[in-house]
Number of protein chains: 4
Amino acid sequence: MAMANESLLSFCLVGGGFIGPLHAANIAAHPRARLAWVVDLDVGIAQTLAAKHGARPTASLDEALADPAVGAAMICTPPRTHAAIIERAARAGKAVFCEKPVDLDITRVDKCAQTLAATGTPFFVAFHRRFDPTHRALFDAIRAGEIGRPEMLVLSSRDPEISPPDYVAAMPYGIFYDTMIHDFDMVRWLTGDEPVEVFARTACMLDAKDNPHRDPDTAMVTLRMAGGTLVHVNSSFRAVYGYDQRIEAFGEKGMLVSRNHQPTGLERYDAAGIRQDPLLRFFIERYAESYVRELGDFVEAVTNGRAPSITLEDGRRALQVADAAVASAKTGSAVTVGN
Amino acid sequence: MAMANESLLSFCLVGGGFIGPLHAANIAAHPRARLAWVVDLDVGIAQTLAAKHGARPTASLDEALADPAVGAAMICTPPRTHAAIIERAARAGKAVFCEKPVDLDITRVDKCAQTLAATGTPFFVAFHRRFDPTHRALFDAIRAGEIGRPEMLVLSSRDPEISPPDYVAAMPYGIFYDTMIHDFDMVRWLTGDEPVEVFARTACMLDAKDNPHRDPDTAMVTLRMAGGTLVHVNSSFRAVYGYDQRIEAFGEKGMLVSRNHQPTGLERYDAAGIRQDPLLRFFIERYAESYVRELGDFVEAVTNGRAPSITLEDGRRALQVADAAVASAKTGSAVTVGN
Amino acid sequence: MAMANESLLSFCLVGGGFIGPLHAANIAAHPRARLAWVVDLDVGIAQTLAAKHGARPTASLDEALADPAVGAAMICTPPRTHAAIIERAARAGKAVFCEKPVDLDITRVDKCAQTLAATGTPFFVAFHRRFDPTHRALFDAIRAGEIGRPEMLVLSSRDPEISPPDYVAAMPYGIFYDTMIHDFDMVRWLTGDEPVEVFARTACMLDAKDNPHRDPDTAMVTLRMAGGTLVHVNSSFRAVYGYDQRIEAFGEKGMLVSRNHQPTGLERYDAAGIRQDPLLRFFIERYAESYVRELGDFVEAVTNGRAPSITLEDGRRALQVADAAVASAKTGSAVTVGN
Amino acid sequence: MAMANESLLSFCLVGGGFIGPLHAANIAAHPRARLAWVVDLDVGIAQTLAAKHGARPTASLDEALADPAVGAAMICTPPRTHAAIIERAARAGKAVFCEKPVDLDITRVDKCAQTLAATGTPFFVAFHRRFDPTHRALFDAIRAGEIGRPEMLVLSSRDPEISPPDYVAAMPYGIFYDTMIHDFDMVRWLTGDEPVEVFARTACMLDAKDNPHRDPDTAMVTLRMAGGTLVHVNSSFRAVYGYDQRIEAFGEKGMLVSRNHQPTGLERYDAAGIRQDPLLRFFIERYAESYVRELGDFVEAVTNGRAPSITLEDGRRALQVADAAVASAKTGSAVTVGN
């Protein structure tokens, strides 16, 4: 390599399955990042991904964290392992990029926060939707005052399919903890305000074959923000027309709409009408650009010594709203969001 | 006239202001209807409108109802007068076309119902939105099973302006009784189902100059239908971009969207972007075709001896939902819809 | 009638078939117009239409023109009869509203022009597209300088079907004389400029069953305007997705697009994509509002003593362009437009 | 590197300016390609680009071509140098990926063809638009028979700006040779047919400051294909709203439209209307995905031993149409396309 490694941020990627390869490719393509280690308990997965990008494979997190060349850990493992890995990486002096959630237990999140504070570790929780160019343009327009005070927000957040039964069993009320948690974060980010009250209603619309655990697969939530903004979020696990991701912000001066995206811009006219593509299939396709940009933001923050732009506190707040939504769905009453 | 009057349904229009002239013009243009009388306490208003259409003016409702040629009364007076006029017209043996609401008091509506039942009067309450071609196409698509069971409905129902202060003072919670009552009717009609629970949150977003009585000008409502469908309705009294009227129905097989309408189809491309017209201004423009079609439906029903397609019971049910929404907004709890 | 007839413009409608009933209904609905006579050689057609609107039927044009109450003649007969009827109406002192074309023979048009000039008759040739609200908004935007000088115009002008064989036989090259003649007029109106050169290419794409006379059913034309604007017009007689009517004006400061119109604003989302309605079927549906507005413009002009806004010279110029297009299609060379 | 180099196609990139860095990045990101050399007469440019991707810089094409590890040459130099470099690379036994055009002189292209034939070199001319996903979907739909026989094609191909004066001086009629040549290729590809006649009209719409050489900056072309399809192409060098790239294919069974693309899907509603982003700025943004996919196609062809999917003959045919367009623009007559 003609380019000196010392000018690059070297990553240790933890968890080579699922979203790991996508982050690995983005690291490889980034002009100021490098993939140094792939850590996976399944060493075969680690080897395959490492080979593709000229990195080193290992089943031992300690081995990778011991490498002084590594500047950052990227955590792509299952959620229940996040908190412990964050703490180990923090104690090893590595900056941390972590897939959401930090943990599903608020007290565990708080413990993690103490470790991060004690070690002074730069930490980023990957609410990737904030980096989507269309959502970001909507955010910028609100901040620029284009609609004045946001009075109402309406978010549609619908997946094309439900997760596999064992995944659902491992995380009940995943519609709030896994899906709408992104929307709860978006609402906080877009308004710069905190939810104070949540009302939620859920339903099981899928049949027993697709949803054997009868965990909610459909939900509507109303949030009231401290500043008065009213928010509606709806979600479903069977949008047959693709991944439905819309945000609408209404205010005294107008409305902003972040539209859905489609694979192509082809229109087909015939006697039956005008037909366009269905929506992009799921988050990998829809938020491809977001994954690139969130990495860029993290690399830029760490290399320039500024704090990453999404904090552990952001992860904690979104989790609180999800907890409140579950409580409301179970009791049928509006629930105050805790602190 | 070369066309024999006996083949036409002759109307006595009661209330010549506001929406009266629009209905009068539609009667005049209808091939099987005729405007015979215009009744208004302000006889000058009655005279002007009657002259334009070759009808007879009067300040006396009795005089017009006494005319045996009159087959139907069209009631366009202020809401608090509706019930009494309905009853007088019913006792005079005239079919009744009535602007909504029948009355804001359920017990008064029930008394009206008894009179209509006793007299066997054909009665139609004018929820005009059911006759909008786009909403109707959405209804037809649901009925044809295009999306399977409706799982979620989302309705945006936003006015460009708040009513004048005295109008607001006369009807507190008009956002439910005057505006969303249309949406409550649409939800019942579209799903063929009844709401069983209502949760409502309101806000005063306009300043004291525009909303001196601090009556809610912004609202979000969640409805749960007997069959399980979840429904969201939102409303505002200051959509600066025009009259925002959208309906979205989501189900197991797909989604249907009734889009907004614009005055023209012009697109303007320049360095700042692509610009289209704002939305049609308000209900007179947006639902012009609905007013024509609801009249046609009523005329066809009365002249063919079938029951009109929107009943007093429809008006009563929508009012119950509005009552429940007010109760929820006041208490902060979800409220069961009464019977 | 309570409204004095003298304040209304009374029409004698000549030709009760085809577009006649549409114009009759618009006259009836117009606040300052009245249908007095329906003239048709088939007296049964005249009687039916007259009865519907309280007018008098006749097979004699002279009888209707002799009525001093009649202020205007509306000519809806077949094209070959227009010129003679124009002249008779003009000599009878009636203002003339004439469906296009005046005649397909320029010398006959010129003779007509002499009669109109000699009698001082107000004359209007019904290029209805000028009154479409979207096209009109495009015209207004050009006039307001929104795109600066128009550099290129692109017009798509496609019918859903070919005319019946005998109609085609009676008017060869109908694609220029009957269809594109509207576009030639639009180009002149939109630019305020005259075409100086025409290049045309035609094809027979329909099979012999639908197009037995092998008259062109598909065409592309390039116009060069005196001021330099380049113009493209394309046309077809089998747009299976509906009546395709688009105009696009490109200039130094941007682009204006007059989009197609659809019956409803419904969108249907499913696994196959997003589907909207096909286009409005044909000109009766697409230009319904234009017919209302062109009548209003004529009535306003005649009653206020100003010249109607589309002149016989406009009809003559559009015909010249059509003649040039035919000559170019036949020779394969670009052709200069005559004077 | 853990991945063996022998499984990768090693590129020698010739010309490190302009589009060179974009192709270099795409090679680096491709899983089966590698950038081995950057050749540029300005050795500083070669060094910078080579350093970024771990390649070797040189000012000597011979040095790079002499490297037996190099499998392919990617030519990104100015057009007048293409033919000679193609021949040198072919004689060195390297597969060739060449930016269009091969040369602007047909006889020079033919000479090149002889060398390629004699050496059996895999050759690809980079008409990147064929790889745009939306255009490709349109192509696939035509091939699948969705519109039946294509009867008319309409292409809008407008740049946001004119090239610098010295670039214009070096290539007169660049609107045909540099811009529309892409459309001429698209028409051949989409229809699977050859143009037989061209009619072209040009204009200088820009003022002397922006277009000092008075080379055409605006053009409309009509093509007639051997199979009868009529084609319209229009172009301009000042689309202020962005890079306007539309294709519309009309046939007996319907119409296909490849729409324009925008940076974001944000819609802004206010009292002035609904505003969306302008179009993507220029070809680098609009065709980013095309550059990735054309490289993938070339790599896949060369490594699998199949012929690249765009041939030198494709480049030659498009050039012939451009020559004919120039001849037509100069003479004012339709011109037959040569063989």
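Considering each residue of the range D:14-66, count those that are more than 24 Å from the chain's Cα centre (by Cα) and basic (K, R), and give that number.
Summing the residues that are more than 24 Å from the chain's Cα centre (by Cα) and basic (K, R) in the range D:14-66 gives 2.
Does C:A322 satisfy the condition of being of a type outside the set (F, W, Y), under 24 Å from C:D110 (Cα atoms), open to solvent by 10 Å² or more (accessible area, probe 1.4 Å) and assigned to a helix (DSSP H, G or I)? Even if it seems obvious, please write down each step before you answer.
Details: of a type outside the set (F, W, Y): yes; under 24 Å from C:D110 (Cα atoms): yes; open to solvent by 10 Å² or more (accessible area, probe 1.4 Å): no; assigned to a helix (DSSP H, G or I): yes.
Here the answer is no, as C:A322 does not meet what is asked.
When you look at D:A89, is it surrounded by 16 or more Cβ atoms within 10 Å (Cβ to Cβ), away from chain A (no Cβ under 12 Å) and assigned to a helix (DSSP H, G or I), yes or no? Break it down stepwise before answering.
Values: surrounded by 16 or more Cβ atoms within 10 Å (Cβ to Cβ): yes; away from chain A (no Cβ under 12 Å): yes; assigned to a helix (DSSP H, G or I): yes.
Yes: the conditions hold for D:A89.
Among all residue pairs at least 6 apart or on different chains, which show Cβ distances below 9 Å where the first residue, located in the range B:170-187, is among the small types (G, A, S) and the second is in a helix (DSSP H, G or I)?
B:A170/B:P79; B:A170/B:R80; B:G174/B:Y167; B:G174/B:V168
Go through the range D:149-162 residue by residue and tally those that are touching a helix residue (DSSP H, G or I) at 6+ places or on another chain (Cβ under 9 Å) and more than 30 Å from D:D207 (Cβ to Cβ).
2
Checking the condition among the aromatic types (F, W, Y), touching a Cys at 6+ places or on another chain (Cβ under 8 Å) and open to solvent by less than 30 Å² (accessible area, probe 1.4 Å), which residue from D:F97, D:F123, D:F131 passes? Even if it seems obvious, please write down each step before you answer.
On the way: D:F97 fails: touching a Cys at 6+ places or on another chain (Cβ under 8 Å); D:F131 fails: touching a Cys at 6+ places or on another chain (Cβ under 8 Å).
Being among the aromatic types (F, W, Y), touching a Cys at 6+ places or on another chain (Cβ under 8 Å) and open to solvent by less than 30 Å² (accessible area, probe 1.4 Å) holds for just one of D:F97, D:F123, D:F131, which is D:F123.
Free of Cβ contacts under 8 Å to residues at least 12 places away in the same chain and either surrounded by fewer than 18 Cβ atoms within 10 Å (Cβ to Cβ) or part of a helix (DSSP H, G or I) (or both): which single residue out of C:R316, C:R306 fits that description? Working first, answer last.
Values: C:R316 fails: free of Cβ contacts under 8 Å to residues at least 12 places away in the same chain.
Just one listed residue meets the conditions, C:R306.
Does the range C:108-129 contain any residue that is within 14 Å of chain B (Cβ to nearest Cβ), part of a helix (DSSP H, G or I) and modelled with pLDDT of 95 or more?
Step one: of the range C:108-129, the residues within 14 Å of chain B (Cβ to nearest Cβ) are C:129.
In the following step, the residues that additionally are part of a helix (DSSP H, G or I) were identified as C:129.
Still in the running and modelled with pLDDT of 95 or more: C:129.
Checked against the condition, which is being within 14 Å of chain B (Cβ to nearest Cβ), part of a helix (DSSP H, G or I) and modelled with pLDDT of 95 or more, the range C:108-129 yields at least one hit.
Which one is nearest to the other protein chains (Cβ to nearest Cβ) among residues in the range C:46-58 that are touching a residue at least 12 places away in the same chain (Cβ under 8 Å) and surrounded by fewer than 19 Cβ atoms within 10 Å (Cβ to Cβ)?
Taking the range C:46-58 and keeping what is touching a residue at least 12 places away in the same chain (Cβ under 8 Å), we get C:46, C:48-50, C:52-58.
Pick out the ones that are also surrounded by fewer than 19 Cβ atoms within 10 Å (Cβ to Cβ) and you get C:48, C:52, C:54, C:56.
Working: C:T48: 10, C:K52: 7, C:G54: 5, C:R56: 8 Å.
Looking at the filtered set, the residue picked out is C:G54.
Restricting to the range A:198-213, name every residue that is farther than 30 Å from C:A272 by Cβ and more than 8 Å from every other protein chain (Cβ to nearest Cβ).
First, the residues of the range A:198-213 that are farther than 30 Å from C:A272 by Cβ: A:198-201, A:213.
Answer for the range A:198-213, where residues must be farther than 30 Å from C:A272 by Cβ and more than 8 Å from every other protein chain (Cβ to nearest Cβ): A:V198, A:A200, A:H213.
Can you find even one residue in the range A:14-22 that is more than 21 Å from A:D103 (Cβ to Cβ), within 14 Å of chain D (Cβ to nearest Cβ) and open to solvent by 10 Å² or more (accessible area, probe 1.4 Å)?
Yes, the range A:14-22 contains at least one residue that is more than 21 Å from A:D103 (Cβ to Cβ), within 14 Å of chain D (Cβ to nearest Cβ) and open to solvent by 10 Å² or more (accessible area, probe 1.4 Å).
Given the conditions (1) open to solvent by 50 Å² or more (accessible area, probe 1.4 Å); (2) closer than 24 Å to A:S290 by Cβ; (3) away from chain D (no Cβ under 14 Å), which single one is not true for A:L41?
Every listed condition holds for A:L41 apart from (2).
Please find, within the range D:59-86, the residue that is farthest from D:N304 (Cα to Cα) out of those that are open to solvent by 40 Å² or more (accessible area, probe 1.4 Å) and of a type in the set (D, E, K, R).
Our first condition is that a residue be open to solvent by 40 Å² or more (accessible area, probe 1.4 Å); within the range D:59-86, this holds for D:59-60, D:62-63, D:66, D:68-69, D:78, D:80, D:84.
Imposing the further condition that a residue be of a type in the set (D, E, K, R) reduces the set to D:62-63, D:80.
Working: D:D62: 26, D:E63: 27, D:R80: 31 Å.
Looking at the filtered set, the residue picked out is D:R80.
Among all residue pairs at least 6 apart or on different chains, which show Cβ distances below 6 Å where the first residue, located in the range D:99-115, is under 17 Å from D:V326 (Cα atoms) and the second is β-branched (V, I, T)?
Short answer, once both residue conditions are applied: D:D103/D:V109.
Residue under question is A:A271, and the condition is that it be closer than 15 Å to A:S156 by Cα and either within 19 Å of the chain's Cα centre (by Cα) or among the hydrophobic types (A, V, I, L, M, F, W, C) (or both); does it hold? Quick ask: steps written out before the conclusion?
Numbers: closer than 15 Å to A:S156 by Cα: no; either within 19 Å of the chain's Cα centre (by Cα) or among the hydrophobic types (A, V, I, L, M, F, W, C) (or both): yes.
No; evaluated as a whole, the condition is false for this residue.
Could you count how many residues in the range B:232-267 are touching a helix residue (DSSP H, G or I) at 6+ places or on another chain (Cβ under 8 Å), of a type in the set (S, T, N, Q) and open to solvent by 10 Å² or more (accessible area, probe 1.4 Å)?
Of the residues in the range B:232-267, 1 are touching a helix residue (DSSP H, G or I) at 6+ places or on another chain (Cβ under 8 Å), of a type in the set (S, T, N, Q) and open to solvent by 10 Å² or more (accessible area, probe 1.4 Å).
Select from the range B:23-35 the residues that are surrounded by 22 or more Cβ atoms within 10 Å (Cβ to Cβ) and within 11 Å of another protein chain (Cβ to nearest Cβ) and list them in ascending order.
Our first condition is that a residue be surrounded by 22 or more Cβ atoms within 10 Å (Cβ to Cβ); within the range B:23-35, this holds for B:23-24, B:27, B:33, B:35.
Correct list: empty.
Can you say whether A:I175 is within 14 Å of another protein chain (Cβ to nearest Cβ), in a helix (DSSP H, G or I) and modelled with pLDDT of 95 or more, as far as the supplied structure shows? Talk me through it step by step, then tell me what you get.
Details: within 14 Å of another protein chain (Cβ to nearest Cβ): yes; in a helix (DSSP H, G or I): yes; modelled with pLDDT of 95 or more: yes.
Criteria met by A:I175.
Out of curiosity, is C:P164 open to solvent by 20 Å² or more (accessible area, probe 1.4 Å) and more than 14 Å from chain B (Cβ to nearest Cβ)?
Working: open to solvent by 20 Å² or more (accessible area, probe 1.4 Å): yes; more than 14 Å from chain B (Cβ to nearest Cβ): yes.
Yes, satisfied.
Of the residues in the range A:217-267, how many are of a type in the set (S, T, N, Q) and away from chain D (no Cβ under 11 Å)? So that I can check it myself, show each step before the final result.
To start, the set of residues in the range A:217-267 that are of a type in the set (S, T, N, Q) comprises A:218, A:222, A:229, A:234-236, A:245, A:258, A:260, A:262, A:264.
Now narrow it down to the ones that are away from chain D (no Cβ under 11 Å): A:218, A:222, A:229, A:234-236.
Qualifying residue count for the region: 6.
Among the candidates D:D277, D:D270, which residue alone is farther than 30 Å from C:A329 by Cα, charged (D, E, K, R), crowded, with 20+ Cβ neighbours inside 10 Å and within 14 Å of chain A (Cβ to nearest Cβ)?
Details: D:D270 fails: crowded, with 20+ Cβ neighbours inside 10 Å.
Result: D:D277 is the single residue among D:D277, D:D270 that is farther than 30 Å from C:A329 by Cα, charged (D, E, K, R), crowded, with 20+ Cβ neighbours inside 10 Å and within 14 Å of chain A (Cβ to nearest Cβ).
What strands (runs of 3 or more DSSP E), lying completely within the range B:1-64, carry at least 1 residues that are of a type in the set (S, T, Y)?
On the way: elements: B:9-14, B:33-39, B:56-58.
In the range B:1-64, the matching strands (runs of 3 or more DSSP E) lie at B:9-14, B:56-58.
Being surrounded by 19 or more Cβ atoms within 10 Å (Cβ to Cβ), in contact with a Ser or Thr (Cβ under 8 Å, 6 or more places away or on another chain) and facing another protein chain (nearest Cβ under 9 Å) is the filter here, so list the residues in the range C:140-155 that pass it.
Residues satisfying the conditions are C:E151, C:M152, C:V154.
With the condition kept exactly as written, say whether any residue in the range B:81-92 is under 29 Å from B:R316 (Cα atoms) and either at pLDDT below 95 or of a type in the set (K, R) (or both). I'd like the intermediate steps shown before the answer.
Narrowing the range B:81-92 to residues under 29 Å from B:R316 (Cα atoms): B:81-92.
Subsequent filtering for residues that are either at pLDDT below 95 or of a type in the set (K, R) (or both) retains B:88, B:91.
Yes.
The values are calculated or read from the model by the stated rules, or taken from the named source; none is laboratory data. Values in this document were obtained by computation on a predicted structure and should not be read as measured data. As a convention, Cβ positions derive from the backbone with ideal geometry for all residues, glycine included, and neighbour counts pool all protein chains shown. These accessible areas exclude ligands, DNA and RNA; they are computed on the full protein's heavy atoms, side chains included. Shrake-Rupley method; radii C 1.70, N 1.55, O 1.52, S 1.80 Å.
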